Amino acid sequence: MDIATVNALPFEDFVNLLGNVVEKCPIITAAVWSRRPFLNFTALEAAINEFIDDLPESGKEGILRCHPDLAGRDLQSGTLTRESREEQAGAGMDALNSADASRMTRLNEEYKERFGFSFVICARMNDKANILRQLSERCQNERALERARGIEEVKKICRLRLQDLVRTDAPNKL
Ligand SMILES: NC(=O)N[C@H]1NC(=O)NC1=O
């Protein structure tokens, strides 16, 4: 879909098509609809990022909490969103050996216990070894730093999901 098509979408279609670019946070998509028309892909992405940046810290933590654990319960029970399932499978999260799976579960719990929100990393930009290493290292960070790191990763996930849906090249004919 090109940006002109995005700009012409009624609210319901806009949210149906783009509502999960930030995992389980369609309110973000619903909010940026009122910023149309977008000049290009970058302007649409910037509107989403600005909305996120303007949230209070509790809102940013809420976004992190909406993300399912990597290799977690939702993956086991088949209740991940389509986007998350594909991302996690691409990083091999659905095919961990039992030692790695236990380590991931233990570290995810430790992380949540320490910070009160989930560990988030862009799975499409990392492999299994990298994810496990970062999860272990990031458990040691300060809460405010980790909140900011998690949100950076949310924005990377969002950009890749948007790129799957919206062409990045053609500018809008305004
Ligand atoms: N917890 C977490 O990072 N989840 C995710 N990462 C990603 O790329 N897709 C997700 O669902």
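When peptides 48-55, 77-84 are sorted by average Cβ neighbour count within 10 Å, with the highest value leading, the order is 48-55, 77-84. Compute the Cα gyration tensor for segment 41-86, then decide on rounded, prolate or oblate, letting a ≥ b ≥ c be the square roots of its eigenvalues: rounded whenever a/c is under 1.5, prolate when a/b is larger than b/c in the other cases, and oblate in all that remain. Oblate. Using the Cβ-Cβ distance between residue 167 and residue 83 with R0 = 22 Å, the FRET efficiency computed as 1/(1 + (r/R0)^6) comes to roughly 0.75.
Under the convention that each Lys and Arg Cβ holds +1 and each Asp and Glu Cβ holds -1, the size of the dipole of segment 1-159 around its Cα centre is about 220 debye.
Within straight-line reach of residue 24, meaning a Cα separation under 18 Å, sit the following lysines at least 8 residues removed in sequence or on another chain: 60, 155, 156. Note on the chain: GNM, Cα springs under 10 Å; of 134, 163, 76, the largest mean-square fluctuation is that of 76.
Extension gain for the segment residue 46 to residue 58, taken as residue separation times 0.36 nm less the Cα-Cα distance, is 2.2 nm to one decimal.
In the elastic network of the chain, a GNM with C-alpha springs shorter than 10 Å, the most mobile of 144, 71, 30 is 144.
Across the chain, C-alpha contacts under 8 Å between residues 6 or more apart give a mean separation that, scaled by the residue count, equals a relative contact order of 33 percent.
With protein chains left intact and a 1.4 Å probe, residues in the chain average 51 Å² of accessible area per residue.
The values are calculated or read from the model by the stated rules, or taken from the named source; none is laboratory data. All values reported here derive from a predicted model rather than from experimental measurement. Positions of Cβ are backbone-derived with ideal geometry, glycine not excepted, and every protein chain shown enters the neighbour counts. Please note that ligands, DNA and RNA were not included when accessible areas were found on the heavy atoms of the full protein model with its side chains. Shrake-Rupley method; radii C 1.70, N 1.55, O 1.52, S 1.80 Å.
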